[in-house]
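Worksheet for the structure shown next.
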Amino acid sequence: MSYQLLQGKRGIIFGALNADSIAWKVAEMAFEEGATFTLTNTPVALRMGDTPKLAEKLGLPLIGADATNVDDLRNLFTQSMEQLGGKIDFVLHSIGMSPNVRKGRHYSDLDYQMLEKTLDISAISLHKMLQVARKLDAINEWGSVVALSYVAAQRTFYGYNDMADAKALLESITRSFGYIYGMERKVRINTVSQSPTITTAGSGVKGFDKLLDFAERMSPLGNATGDECATYCITLFSDLTRKVTMQNLYHDGGFSSMGMSLSALQQYEKGMECPCEKTDSQGDQHLYD
Ligand SMILES: NC(=O)c1ccc[n+]([C@@H]2O[C@H](COP(=O)([O-])OP(=O)(O)OC[C@H]3O[C@@H](n4cnc5c(N)ncnc54)[C@H](O)[C@@H]3O)[C@@H](O)[C@H]2O)c1
């Protein structure tokens with residue numbers, strides 16, 4: 001059901017790789033709600049992924065950009081304003097990638113060049129797009145920028161690796177730039193901290209199926225789906241949330257406020273032996289993967 005919440009609004013949506021992507025669901029819903037927008041992804045993703053199919057289906061402009069490349073971002077914002085016919089009202093940053101996770105590097109043995117890439121792609125890219133947009137004065141007053149985050153920015157989740165550090169930085173950039181952009185141009189910037197969701201990026205996390213089950217058991221409302229995340233993003237792009245800025249907004253069925261649930265307790269009782277520790281000949285316990 002459409003409320004036409006984004007009627008007349010222009011946007012840019014980063015990160016729709018395939019139909020599982022959270023950005024894909026946001027794009028479909030933003031379209032239903034009356035928005036026009038540019039779809040963008042890396043040149044490689046445009047070749048290997050389904051982003052062009054979505055652009056064709058919705059009849060919207062598709063512009064390649066590596067979100068770590070300032071020249072690409074400048075071209076993207078300039079072209080988007082030209083093709084959409086005016087300044088931008090909303091931006092979705094739905095981007096994450098860690099070469100350390102991909103290569104299976106343990107958090108205590110990170111490759112630092114890869115860590116720099118993780119931070120650049122998953123967090124600093126938000127700063128880059130905001131800096132480019134501000135210099136071009138590309139975002140309208142009361143415009144809204146949303147980036148997707150995860151609770152591993154606040155709590156430790158084994159296996160989430162250096163993406164946790166990237167999310168902490170992403171949320172910090174949201175506050176720091178949110179102050180400046182809000183003061184100067186009334187642009188609001190928030191992160192949505194989403195439940196684990198089955199997508200290409202999500203499934204790359206070690207033990208993702210168990211994480212998904214654990215989060216489901218721990219959340220009184222159950223895990224939030226990608227579609228539900230999309231509806232939440234739409235409200236944040238709309239004029240109904242004009243005074244919300246510089247926030248990390250949990251969209252996780254209540255998970256982030258939980259300590260232990262009945263369902264998780266019952267599951268834990270089934271197997272009290274921790275499969276992740278072993279005792280050596282000296283009697284000391286060690287973690288292993
Ligand atoms: N899936 C989950 O469990 C989950 C939970 C919380 C938050 N998130 C966050 O949601 C966001 C979207 O991820 P998703 O789960 O939809 O997975 P996804 O794999 O569908 O999306 C990730 C996107 O990032 C894009 N990307 C990677 N490097 C890029 C670059 N240099 N420039 C531009 N784009 C680049 C990819 O092409 C892809 O489209 C990420 O920030 C992710 O961390 C995901």
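Nothing in this text is a laboratory measurement; each read-out follows from the coordinates by a stated rule. From a predicted model like this one, the values you see are computed outputs, not experimental measurements. We place every Cβ from the backbone using ideal geometry, glycine too, and count neighbours over all the protein chains shown.
Which one of Ser172, Ser122, Ser108 has the biggest mean-square fluctuation once the chain is modelled by GNM with Cα springs under 10 Å?
Ser108
Report P(r) for the chain: all Cα-Cα distances, bin width 5 Å, range 0 to the bin holding the largest distance, values in whole percent.
It works out to 1, 5, 12, 16, 18, 16, 12, 8, 5, 3, 2, 1, 0, 0, 0, in whole percents.
Taking Lys270 as the anchor, which lysines have their alpha carbon closer than 17 Å to its alpha carbon, excluding any fewer than eight residues away along the same chain?
Of all the lysines, those that pass the test against Lys270 - Cα under 17 Å, at least 8 places apart if same chain - are Lys210.
Which far-off residues, 5 or more places away or on another chain, put their amide H under 5 Å from the one on Ser193, with H placed in the peptide plane?
Sorted by chain and number, the residues that satisfy this are Ser149, Leu249, Tyr250, His251.
Have a look at the DSSP beta bridges in the stretch 111-263 and tell me what percent are antiparallel, nearest 5. List each step's numbers first, then the result.
Details: 0 of 10 bridges.
Of all bridge pairs located within the stretch 111-263, approximately 0 percent are antiparallel.
Any idea how far apart Ser263 and Ser108 come out in nm if each label point goes 7 Å out from Cα toward Cβ?
Result for the modelled spin labels: 3.3 nm.
When we measure straight from the Cα of Lys117, which lysines land under 20 angstrom away, once same-chain ones fewer than 8 places off are left out?
Correct list for Lys117: Lys103, Lys128, Lys167, Lys206.
So, by mean Cβ neighbours within 10 angstrom, what's the order for 27-36, 223-232 with the highest one leading? Could the numbers behind the result be given before it?
Values: 27-36: 20.5, 223-232: 18.7.
Ranking the peptides 27-36, 223-232 by packing returns 27-36, 223-232.
Considering the chain as a Gaussian network with a 10 Å cut-off on Cα pairs, which listed residue, Gly86, Gly182, Gly259, attains the greatest mean-square fluctuation?
The residue that fluctuates most here is Gly259.
Could you work out the relative contact order of the chain? I mean the mean sequence separation of Cα pairs under 8 Å and 6+ apart, divided by the number of residues, in percent. Write out the running numbers ahead of the final one.
On the way: 533 pairs, mean separation 49.9, N = 289.
Value for the chain: 17 percent.
Treat each spin label as a single point 7 Å out from the Cα along the C-beta direction, and report the Asp137 to Ser256 distance in nm.
Here the answer is 3.5 nm between the modelled labels.
How much length would be gained if the chain were fully extended between Met1 and Val44, taking 0.36 nm per residue of separation minus their Cα-Cα distance, in nm to one decimal?
Working: separation 43, 0.36 × 43 = 15.48 nm, distance 3.44 nm.
Working it through step by step, the gained length comes to 12.0 nm.
Between Asp213 and Gln282, what is the FRET efficiency for a Förster distance of 22 Å, r being their Cβ-Cβ separation, to the nearest 0.05?
Values: r = 34 Å, r/R0 = 1.56.
In this case the efficiency is close to 0.05.
Quick one: which residues, 5+ away or cross-chain, put their amide H under 5 Å from the amide H of Val91? H built at 1.01 Å from N.
For Val91, whose amide H was placed from the backbone, the distant partners under 5 Å are Ile12, Ser144, Val145, Val146.
Determine the gain in length on full extension of the stretch Val70-Gln83; use 0.36 nm per residue of separation and subtract their C-alpha separation, reporting nm with one decimal. Kindly include the intermediate steps, with their values, before the conclusion.
Details: separation 13, 0.36 × 13 = 4.68 nm, distance 1.97 nm.
In short, 2.7 nm is gained.
Need one number: nm distance between label points at Lys270 and Lys53, each 7 Å from Cα along Cα→Cβ, rounded to one decimal.
3.5
Taking the 0 to 90 degree range and rounding to the nearest ten, how far is the long axis of helix 70-84 tilted relative to the main principal axis of the chain, both from C-alpha atoms?
With both axes taken from Cα atoms, the answer is about 50 degrees.
Percent antiparallel among DSSP beta bridges with both residues in the stretch 10-287, to the nearest 5?
Values: 3 of 27 bridges.
Looking only at bridges with both residues in the stretch 10-287, the antiparallel portion is about 10 percent.
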